[in-house]
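Notes to accompany the following structure.
The values are calculated or read from the model by the stated rules, or taken from the named source; none is laboratory data. Computed from a predicted model, the values in this text were never measured in an experiment. Note that each Cβ is placed from the backbone with ideal geometry, even for glycine, and that neighbours are counted across all protein chains shown. These accessible areas exclude ligands, DNA and RNA; they are computed on the full protein's heavy atoms, side chains included. Shrake-Rupley method; radii C 1.70, N 1.55, O 1.52, S 1.80 Å.
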Amino acid sequence: MAESRTFELAMSPHVEGPKTTRKVMTDVVIALLPAAAAAVYFFGLRALLLVVLSVAAAMAAEYLCLKFMKRPVSFALDGSAAVTGILLAFNVPSSVPWWIPILGSAFAIVVGKQAFGGIGHNIVNPALLGRAFLVASFPVLMTAGWPAPSGYSGSTWSTTGISQERLAEIPGADAISGATPLNVKKQTFDEEGMETRMGEGAPERVREELSSPSTYWNLLVGKIGGCLGETSGILLILGAIYLVARGVLEIRLPLSYLGTIALLGWVWGGAGWFDGDPLFHILAGGVLLGGFYMISDMVTTPVTKKGRIIFGIGAGVITMVIRRWGGYPEGCSYSILLMNLVTPLIDRYTKPRALGEVRQDG
């Protein structure tokens, strides 16, 4: 009698490595802790409350989805939901109501992740989808009312990134609307409108102040208006260095993305052609947060080396198009979401040819 054998079928990959989902997600959480601590320092304990609520909502939503689908609830403890919750919280301002991060995280997990089958099957970054949902549903709450951080004196701090003393030296500076540096930069593109509100030569004066060393410093340390996780550029960079050292962050994606932002920031980011400030466009807004922690999602980005470079360049182009000509001052999240949708196409046309494969023509 022939011996019966049982074969277990499972999805690839089939080669076990030292890295697990939990270990990778733990490294990401560690990398994000400095920026989270900075958010608490800048915006007070309310920032911590929003992060905790966001993480708790993400993990609860994941647990309930797994129970409903009768799947092992141990997957809820792999760390991916916690990372989604942290990143979602990093994408909201500290002034939002407490229920905003809860709603955003639940939407990110249920619609952006579990609806497609869970981790490894989602087609877009869940945290970015949750942010896009919140911006579309509650635009005023998500884009207005940036409070001054508690870590700085109100007499020396400005949400624009320009110091209060320098703002006082600009005639008509009270007419600047929009709390973040990118909002102010966006207004300088409408030179006629800014000159009407602030006087002749105002766009040039404001652009000069946005490109000053003091503004760069404010952007680096977090003395600006912005979402919880995008204010301190230097801590985001330190976290990214940790991920590279741990082998979690593949450098092609962030380099191609940030390099494209810098190049197009120089070409398109000023009053004319080739007179923009590339460093400002790298440091301002959510580019560092998106370029290191959002764009590098292993599930929703290409697996080929060439494909990752194409992905980064495409996201960089879309970001700068939105910043320069779009209705929003920032385009980072939408650019990554759009490129997530074309990832399968990029993988298809950039996959390497198998060794010994003969090309079939005709």
Over the stretch 298-348, what is the mean sequence separation of C-alpha contacts under 8 Å (at least six apart), divided by residue count, expressed as relative contact order in percent? 44
Roughly speaking, what is the centre-to-centre gap between the stretch 248-280 and the stretch 187-208 when only Cα atoms are used, to the nearest Å? 23
Residue-wise HN-Hα coupling along the stretch 289-295, computed from phi with Karplus coefficients 6.51, -1.76, 1.60 (Hz; x: Gly, Pro): 5, x, x, 9, 10, 9, 6
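Which net charge results when you count Lys and Arg as +1 and Asp and Glu as -1 among the other residues whose beta-carbon is under 14 Å from that of residue 69? Don't skip to the answer; put the middle values down first.
Details: positive: 67, 70, 71, 113; negative: 62.
Every neighbour counted, the sum reads +3.
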With a 1.4 Å probe and every protein chain left in place, work out the accessible area per residue of the stretch 230-362 in Å², rounded to a whole number. 48
State in Å² the accessible area per residue of the stretch 30-78; use a 1.4 Å probe, count heavy atoms of protein chains only, and round to the nearest integer. 53
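Express in nm, to one decimal, how much length is gained between residue 133 and residue 341 on full extension, taking 0.36 nm for each residue of separation and deducting their alpha carbon distance. Write out the running numbers ahead of the final one.
On the way: separation 208, 0.36 × 208 = 74.88 nm, distance 1.64 nm.
Length gained, residue 133 through residue 341: 73.2 nm.
Would you please put 47-55, 111-119 in order of how densely packed they are, using the mean number of other Cβ atoms within 10 angstrom per residue and starting with the highest?
Details: 47-55: 21.2, 111-119: 19.2.
Sorting 47-55, 111-119 by mean packing, highest first, produces 47-55, 111-119.
Kindly state, to the nearest 0.05, the FRET efficiency for residue 321 paired with residue 52, given R0 = 35 Å and r defined as their beta-carbon distance. Walk me through the intermediate numbers first.
Numbers: r = 36 Å, r/R0 = 1.03.
About 0.45, to the nearest 0.05.
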Please list 3J(HN,Hα) in residue order for the stretch 253-267, calculated via the Karplus relation 6.51 cos²θ - 1.76 cosθ + 1.60 where θ = phi - 60°; whole Hz, with x for glycine and proline. 4, x, 5, 5, 5, 5, x, 5, 4, 5, 5, 6, x, 6, 6
Please compute the modelled spin-label separation between residue 99 and residue 190, points set 7 Å along Cα→Cβ, answer in nm with one decimal. 3.3
What is the extension gain from residue 121 to residue 20, computed as 0.36 nm multiplied by their sequence separation minus the C-alpha to C-alpha distance, in nm to one decimal? 34.7 nm
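Starting from the residue with the highest accessible area, list 257, 349, 328 in decreasing order, probe 1.4 Å. Provide the component values of the computation, followed by the final result.
Working: 257 0, 349 160, 328 100 Å².
Sorted by accessible area, descending: 349, 328, 257.
For the stretch 13-87, what % of the accessible area comes from carbon and sulfur atoms, probe 1.4 Å? Don't skip to the end; give the middle numbers.
Working: 3080 of 4110 Å².
Here it works out to 75 percent.
Tally up the carbon and sulfur contribution to the accessible surface of the stretch 203-244 as a whole percent, 1.4 Å probe, everything protein left in place.
Details: 1070 of 1460 Å².
That fraction is 74 percent.
All other residues with a Cβ under 13 Å from the Cβ of residue 307 taken together, and with Lys, Arg as +1 and Asp, Glu as -1, what is their net charge?
Details: positive: 252, 305, 306, 308, 348, 351; negative: 250, 347.
Combined, the nearby Lys, Arg, Asp and Glu give +4.
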Can you compute the label reach from residue 211? Point 7 Å from Cα along the Cβ direction, backbone N cut-off under 12 Å, restricted to the stretch 259-274. 266-274
